[in-house]
Structure formats: structure tokens, C-alpha cells
Amino acid sequence: MASQFPFPAAVGFQNPSISEQLDKLGEPLRTGGSVINVLLIIAGICVLLFVAYGLGKLQERLRKPVVHDEPTALFHDLLLRLHLPRPLRRILQDMAHAPPLKHPAVLLLSEASFDRHAQSWLRQHRPPNPSGASAEAQCMQIRSILFPPS
């Protein structure tokens, strides 16, 4: 049985079963087959395009390096990595939130910035301290951990 499609022979399909299968797929379109068959073929093509698009987007996302611009998340991650005791971490978090800093990690990186914010925080927020140590002493303890004398 000769194929009615010109492309299988031109592409090099020598297997008659493939050629016959292509003929069977195209039969409903040539003979005016049911509308349901045509809609199924269109739906199948749409699904294939949707899957190809999704795979392309996934591959694109996996290729790009992930960069999160979340200064608060960086600050909290750095606090955890410093292994500071919980009361000292809480003081640093309070300093970062009163007044709120755009980039709170600067408290952990800059000695001058830490001193400025610690003094401001101590003036405005003299919190009651359940551990018994004064807030000033705790700020000095944090400072000595973050910026040890050289």
C-alpha cells in the first residue's frame, strides 16, 4: 500500500507499518471524519505544546543561579550561623527592628554601624532583662563576639 503522504518516503521511512500508521492518523482529516477526532487531535497537540513549554521553563529555572534579595532572611541566617545564645540573638533582632533597618546584616558586619544602632537602641528601648545582666553589658558582649579586639 503506497503512502498518501509525500514526506515518509522523502524522510526515509522504509517501514510500511509506520507509513500505514501515519495514513491511519491522517484518515479522519482527509475523509471528513468525526469532529470529535479532530478535536482530540487538536487537544493532543495543545497538551504536547503545554508540556514542552513547562519543561522549557523548568530547564530555564534550573539553569539560572538562585539569588534571593531578602536582607532580613540573610540577617536571620547569619544570626543562626554565629551560634549566639538566644538572649543575645533577641537583642540583635530588636536592634534591627527598632527602627527597622533596610539591611539588618550591616549590624553584624560593620563595627561603626553596630555601635551607632546599639547606642540608639539603648537610649530608646531599655528593655527589662530577665537574665539579670544589664542591656549595656549584653551589647558589649555581642560587640566583643562580633568584633573581637585585634
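The values are calculated or read from the model by the stated rules, or taken from the named source; none is laboratory data. Because the structure is a prediction, the values reported are computed rather than measured. All Cβ positions, even for glycine, are placed from backbone atoms using ideal geometry, and neighbour counts span all protein chains on display.
Summary of computed values
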read-out: Cβ-Cβ under 7 Å pairs, at least 6 apart or on other chains, segment 74-91 side closer than 16 Å to LEU109 by Cα, far side modelled with pLDDT under 90 and surrounded by fewer than 17 Cβ atoms within 10 Å (Cβ to Cβ); value: none
read-out: Matching residues in segment 37-64 - criterion: being at pLDDT 80 or above and of a type in the set (Val, Ile, Thr); value: ILE41, ILE42, ILE45, VAL47, VAL51
read-out: Residue match in segment 102-110 (condition: hydroxyl-bearing (Ser, Thr, Tyr), surrounded by 12 or more Cβ atoms within 10 Å (Cβ to Cβ) and closer than 12 Å to LEU146 by Cβ); value: yes
read-out: Any hit, segment 105-119, residues being assigned to a loop (DSSP other than H, G, I, E, B) and either farther than 30 Å from GLY26 by Cβ or touching a residue at least 60 places away in the same chain (Cβ under 8 Å) (or both); value: yes
read-out: Tally, over segment 69-102, of residues that are of a type outside the set (D, E, K, R), within 23 Å of SER120 (Cα to Cα) and in a loop (DSSP other than H, G, I, E, B); value: 5
